[in-house]
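Step one of this worksheet: look at the structure below.
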Amino acid sequence: MSERSSATDAIVLRGRALGEADRVFTLLTRARGKVDAVAKGVRRPRSAMGGRLEPLAEVRVALHKGRSLDVITEVRTITSHWTALARPDALATASLFAETVDLFCEPELPLPEIYALLVGAVAAVAASDAPATLVPRFQLRLLHALGLAPADDACVRCGEDFNRHGAWFDLDAGGLGCERCYGARGDAHALDADDVENFRALGAERGAGAALFATQQVARAVDDLVTWHLGRRPKARALVYELQAP
Ligand SMILES: [Zn+2]
């Protein structure tokens, strides 16, 4: 390949129409991080490439550097979960994952840990009967991968351990606080001792001691933390919670 061409694995985060027949795709690539690339002619009927660039598919793409945007010259499917994702709750959850990654990640910055996280999370959603329950762990693992997760063993203000008494969640300080620093405020514990344990296990890498699901308080805290870092709520979030309501 010439130096203007490259091939990489990629997850399709989203696509938008361009001109009469093209579409610009936002890809999370393994080699280069987030990249916008145009696929020419994919909105014409019978475009083989268009069918493969479905949202949340993992694909192998050949990219050619154009004047402003990369051009997708070849697409091969690695994994498509399209059939399993064709359920409203699964699609909403997987879309929330893609949107959150899209909002957090800067273009052209390779993030192999986040790439692997998203591949695993979309597969887990496709296999789950209750996909929305996977949201908190994904959010917290993502914050860890971005270096934005708060310490889960020490007070954000004084550095003391807060194990036995639970912890207070201080969004403005970006972390969890101990009883001595926050208890005197008189409001109820944000997280009791079980919640703190759950928060720790939820953020842990897969394997020993990791928790897949969050307590209600932890789910809320992690969701608030994501919103605080982004400065807004992802659009797909409302739909996830709407579909989850009994
Ligand atoms: Zn403290």
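Read the figures in this text as sums done on the coordinates, not as results from a lab. Since the model is a prediction, treat every value here as computed from it, not as a measurement. All Cβ positions, glycine included, derive from the backbone under ideal geometry; neighbour counts span all protein chains shown.
Scan segment 52-142 for trypsin sites (Lys or Arg not before Pro) in coil per DSSP, keeping those whose Cβ has at most 16 other Cβ atoms within 10 Å, and list them by number. Working shown, then result.
On the way: sites: 52, 60, 65, 67, 76, 137, 141; in loops: 67.
Passing both the DSSP loop test and the Cβ count: 67.
Taking other C-beta atoms within 10 Å as the exposure proxy, 227, 215 rank 227, 215 from fewest upward. Taking only the alpha-carbon positions of segment 5-80 and ignoring solvent, what does the Debye formula give for the base-10 log of I(q)/I(0) at q = 0.17, 0.22, 0.28 Å⁻¹? Evaluating at q = 0.17, 0.22, 0.28 Å⁻¹ gives log10 I(q)/I(0) of -0.53, -0.92, -1.54. Sequence-ordered 3J(HN,Hα) estimates for segment 137-143 from the Karplus curve with 6.51, -1.76 and 1.60 and θ = phi - 60° stand at 5, 4, 4, 6, 5, 5, 4 Hz, glycine and proline given as x. On a 0 to 90 degree scale, rounded to 10, what angle separates helix 112-127 from the longest Cα axis of the chain? Rounded to the nearest ten degrees, it is 90. Annotation: amide H of residue 177 within the under-5 Å range of 156, 168, 169, 170, sequence separation 5 or more or interchain, hydrogens built in the peptide plane. Using just its DSSP H runs of length 4 or more, each adding -39500 (n - 2.57), the chain gives a mean residue ellipticity at 222 nm of -11000 deg cm²/dmol after division by all residues. Residues whose amide H falls under 5 Å from that of residue 78, counting only those 5 or more places apart or on a different chain, are 58, 59, 60, with hydrogens built in the peptide plane.
Helix 216-230 versus the longest principal axis of the chain: what is the Cα-based angle in degrees, 0 to 90, to the nearest 10? Long axis of 216-230 versus the principal axis of the chain: about 60 degrees. Simple spin-label estimate for residue 106 and residue 194 gives 4.2 nm between the two label positions (7 Å along the Cα-to-Cβ direction from each Cα). Segment 168-246 and segment 45-97 have Cα centres lying 32 Å from one another. Calculated FRET efficiency, residue 185 to residue 129, Cβ-Cβ distance, R0 = 41 Å: about 0.50 to the nearest 0.05.
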